Amino acid sequence: MPMPSVHSAVPSSSRSRVDLHMHSTFSDGSLSVPELVARVADTGVEVMALTDHDNTAGVEMAAREAKRHGLRLISGVEISSVWEEQGIHIVGLAMDIAHPALQGGLERIVRLRDERALEIARRLHGQGLAGAREGARAIAGSPLVGRAHFAQWLVQAGHCQDTQEAFQRYLGRGKPAYVPSDWIPMVEAVGWIRSAGGEAVLAHPGRYKLSGARLTRLLEDFRAAGGVGLEICSGSQAAADREHLGRLALRLGMAGSVGSDFHGPHLGHAEIGQLLPLPDGVEAIWDRLGVTVATPFPSH
Ligand code: AMP
Ligand code: MN
Ligand code: MN
Ligand code: MN
């Protein structure tokens, strides 16, 4: 899935006090949880969610760190799912992370990811590149190995100039080492989040490049499954998507969320809190969660 540097369209002066999508070293982020939370505090964000891919191992530590910095932490996760052969990411917020339906599901994904990593490495080997599995595992240093770790290994091993090239040549959709993460139907992922008492948000809808009709169908299916929100402002989709996503949210009665999808400094991703405000009239997901923020988007 391409991850262009789209956040440049959001002026760095555009700051939000809420950021409900970011990654730590518990998935493919480059900052440890304490480093990440300290950075969140520095940016002026007051309400955060840690949303690592397919695991919640960092959430308790993040809650402790957030408390130290006087921040409000909402528990989070970003689940890899599939809808009509399209990989779809679902952000879960405010769940009881100890709930067995959620943890049972996530453990299944982490095991399947491990098998996928083996297959990615096998394919890279077929391209004449040996040692990818051990390399990516060492970089991940956590149970979750993803394409971002393979991309870093490809750079470190001197096979690619940068991670963009790694995705373009090997890891991106349709490339020789691409293996989809199409294990869990979207409806099931939403179900785990709901069972755990949380709310499900469709991550970066603009990144899937769906036609208008297909996107509407996706949202209708998502809502029918119990999903309530969509990321209208995301560091990993074009800032220009905000308007039509806002209209869709209003039309379908869905709440809006905002999240940088921060993975680390210097990785070509958006900075924490570098987000435009929700369009007028769209209900904020944090209101629905009962989190009060006096001025979520300070004027400057
Ligand atoms: P995975 O869940 O293992 O398929 O990996 C998806 C992750 O890979 C995303 O969350 C991004 O962190 C990263 N990613 C996907 N596409 C790109 C890209 N073109 N350039 C850099 N990172 C990417
Ligand atoms: Mn990622
Ligand atoms: Mn994502
Ligand atoms: Mn993400």
- prompt: Stretched out fully, how many nm does the piece from Ala98 to Ala157 gain, at 0.36 nm a residue minus the Cα gap?
  reply: 17.4 nm
Pairwise label distance in nanometres, Arg247 with Glu134, each label 7 Å out on the Cα-Cβ vector: 5.5 nm
- request: May I ask which residue of Thr56, Gly126, Val145 lies farthest towards the positive end of the charge dipole of the chain, with charges of +1 (Lys, Arg) and -1 (Asp, Glu) on Cβ and the Cα centre as origin?
  value: Gly126
- request: Measure nothing but the geometry: give the 0 to 90° angle between the long axis through the Cα atoms of 212-224 and the longest principal axis through the Cα atoms of the chain, rounded to 10°.
  value: 70 degrees
message: Tell me the angle of helix 241-252 to the major Cα principal axis of the chain, expressed in degrees between 0 and 90 and rounded to the nearest ten.
response: 60 degrees
query: What is the gain in length, in nm to one decimal, between Lys67 and Ala213 on full extension, counting 0.36 nm per residue of separation less the C-alpha to C-alpha distance?
result: 48.2 nm
Ordering of 180-189, 84-93 by packing [mean C-beta count within 10 Å, highest first]: 84-93, 180-189
message: What's the ranking of 246-255, 73-82, 41-50, 14-23 by average number of surrounding C-beta atoms within 10 Å, highest first?
response: 14-23, 73-82, 41-50, 246-255
query: Over all pairs of distinct alpha carbons, what does the Kirkwood formula give as the hydrodynamic radius of the chain, in Å?
result: 19.2 Å
statement: Listed by chain and number, the residues whose amide H is under 5 Å from that of Cys233, excluding neighbours fewer than 5 places away on the same chain and using placed H, are Ser257, Gly259
message: Just to be sure I understand: of the beta bridges DSSP finds with both ends in the chain, what percent are antiparallel, rounded to 5?
response: 45 percent
field: Between 0 and 90°, nearest 10: helix 147-156 axis offset from the chain longest Cα axis
entry: 50 degrees
statement: Protection proxy (average C-beta count within 10 Å per residue), highest first, orders 25-31, 104-110, 257-263 as 257-263, 25-31, 104-110
- line: Under the helix-only model (-39500 (n - 2.57) for each DSSP H run of 4 or more, divided by the residues of the chain), the mean residue ellipticity at 222 nm, to 500 deg cm²/dmol, is -11000 deg cm²/dmol
- prompt: Say the dipole of the chain comes from +1 at the beta carbon of Lys and Arg and -1 at that of Asp and Glu; which of Ala117, Ser257, Val228 then lies farthest toward its positive end?
  reply: Ala117
query: Under a 5 Å amide H to amide H cut-off, with H placed in plane at 1.01 Å, what residues pair with Leu50 once short-range neighbours are removed?
result: Ile74, Gly76
field: segment 106-171: proportion of alpha-carbon pairs further apart than 21 angstrom, %
entry: 16 percent
statement: Phi-derived 3J(HN,Hα) across segment 226-233 with the Karplus relation (6.51, -1.76, 1.60, θ = phi - 60°), rounded Hz, x for Gly and Pro, is x, x, 10, x, 9, 6, 7, 10
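No value in this document is a laboratory result; all are computed from the given coordinates. As the structure is a prediction and not an experimental result, all values here were calculated from the model. Cβ sites come from the backbone with ideal geometry, for glycine too, and all protein chains shown count toward neighbours.
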